[in-house]
1. Leaving ligands, DNA and RNA out of it, rank 241, 103 by accessible area with a 1.4 Å probe, largest first.
2. Please arrange 317, 75 by accessible surface area, largest first, computed with a 1.4 Å probe and ligands excluded.
3. How much net charge surrounds residue 230 when only the other residues with a Cβ under 11 Å from the Cβ of residue 230 are counted, with Lys and Arg +1 and Asp and Glu -1?
4. For residue 360, what is the net charge nearby, where nearby means another residue's Cβ is under 12 Å from its Cβ and Lys, Arg count +1, Asp, Glu -1?
5. Quick check on the chain: helices-only [θ] at 222 nm, where DSSP H runs of length 4 and up contribute -39,500 (n - 2.57) each and the sum goes over total residues. Nearest 500, please.
6. Name the residue, out of 85, 326, 189, whose mean-square fluctuation peaks in a Gaussian network model built on the chain with Cα pairs under 10 Å.
7. Using only Cα atoms and rounding to the nearest 10 degrees, what angle (0 to 90) does helix 380-392 make with the longest principal axis of the chain?
8. Keeping all protein chains in the complex and leaving out DNA, RNA and ligands, what accessible area do you get for residue 67 with a 1.4 Å probe, in Å² to the nearest 10?
Amino acid sequence: MDKTSIEQTSEFGDQSTSDVTVCLRSRDGMPELFYCHSSILKQKSGFFAEQLISDNTSPKNYIEVKCQGSEYDHYAKLLKLLYLSEDLILDSWDAVKTALGVLRASIALRCEVITNSCIQYLEAVPWEEKEEEEILKITPALGTAATALLARIRPVNENAAKNVFLSAIHFATTTESSFPLYADELKTSAQEQVEYMLVEDEDTPLVILDEDVRSEVRTGLARVFTRFEGELNTLKIFFDLSPQEAEERMLQCLSDIDWMCNILPKMEMMKDFILNWIGVSAHMLAIIQADAYCSGLWAVKAKLIELAGKAFDAVGYGSVVLPAPSRLHFLKTWLPYMRKMKPILDSQGEGDESFPHKMDTDQCQNIEGAIISLVLALPSNDQAEILGDWMKMAEKVKFPDLSEAFEVWCYRTKTAKRRLMVGLNGVGNPTVTL
């Protein structure tokens, strides 16, 4: 009798035609009997085939399968599946958890057809993280049959990873308006994935040092700043139509700039950001401080302070190395804006307790510390110029407080004069001039 005939003439659980009883222990430890047929068990299970081989003349008609109570349902399902054709077995799967349980039972009972069906189903459906961990535990017992399951989670080669990263960077910095309705959500998702891929591990250097990747990041940075400059140039048009919409458009651009500012240090490319930021600063501040916006765009003005603070931090503490003239230009560009906006934002907060854009203490201290560090790294004459301007308005403007920088400058000035006098008296190194 062929395989199909056996399946058609034997019915699972039919006690009248059964010649073998299989016993499983249920979850509560009680024995559960299943009426089966030796012809099917021997044909579809290596375990049962061995058990049904008898050394005496009397056939073996009772087999107890040892399994834990938590595995009972899966072993019981497997017994039923032994009676189905391969196509019906594949159609019977409805959950990864069930397929995994039956797969473990199938491996133990050496049921090749059911094992292959489990693998085929699992390969084709999504897994949750816990399910993936279970699959990884099972695969060693599958040997070469596990290849299809492992293909999904096998590490990709360097070129494939790079191409995905390039695509994510391009989408995360895109400014095209022809994208679908949910483009903003997709762009945010792309930005989050780029950040995740830059989380430091052994593979990160392969990505951040690749010149194609760095080139795409620079191109994306240029796109972001170009879009921002475009919004600045059309700000008055949109502001006259709808101040709220104009502010939202500006904030979206600044959000993208902020994102670039956060990922570039991880790629050791913060200098690219600083150069772009300095390049647009004068134009940006001239527009934002126009009289038309003196009583609006508070979120934009506060965001500019936040981004400028990050730039001060990078330049002031030496993360980004710039020549002294560039550092002085950067400081002179932004220092007046900081002095002006801090009291204005404070006054807005005093008049309206719900005003969300006040500069908190930590932010002020961080910006102040970076500015002091930047000032003290300038040539002494430039320090004197900055500190002289500060002292003229120190009584009226409290932020930033450059007292620490002034004290250091005074000490250095006296020390420099002493060194100069020592040199003129022929002691020390007369070739040094201050």
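The values are calculated or read from the model by the stated rules, or taken from the named source; none is laboratory data. Here the structure is a predicted model, which means the values were calculated and not measured. Because the Cβ atoms are built from the backbone with ideal geometry, glycine has one as well, and the counts that use them run over all protein chains shown. Only protein heavy atoms, including side chains, enter the accessible area calculation; ligands, DNA and RNA are left aside. Shrake-Rupley method; radii C 1.70, N 1.55, O 1.52, S 1.80 Å.
1. On the way: 241 135, 103 0 Å².
Correct descending sequence by accessible area is 241, 103.
2. On the way: 317 125, 75 20 Å².
If we order 317, 75 from most to least accessible, we get 317, 75.
3. On the way: positive: 223, 227, 249; negative: 229, 231.
That works out to +1.
4. Values: positive: 342, 358; negative: 306, 346, 362.
Neighbour charge sum, excluding residue 360 itself: -1.
5. Working: 21 runs with 281 residues, N = 434.
Calculated at 222 nm, the ellipticity per residue is -20500 deg cm²/dmol.
6. 85
7. Relative to the chain, helix 380-392 is tipped by roughly 80 degrees.
8. Result for residue 67: roughly 20 Å² accessible.
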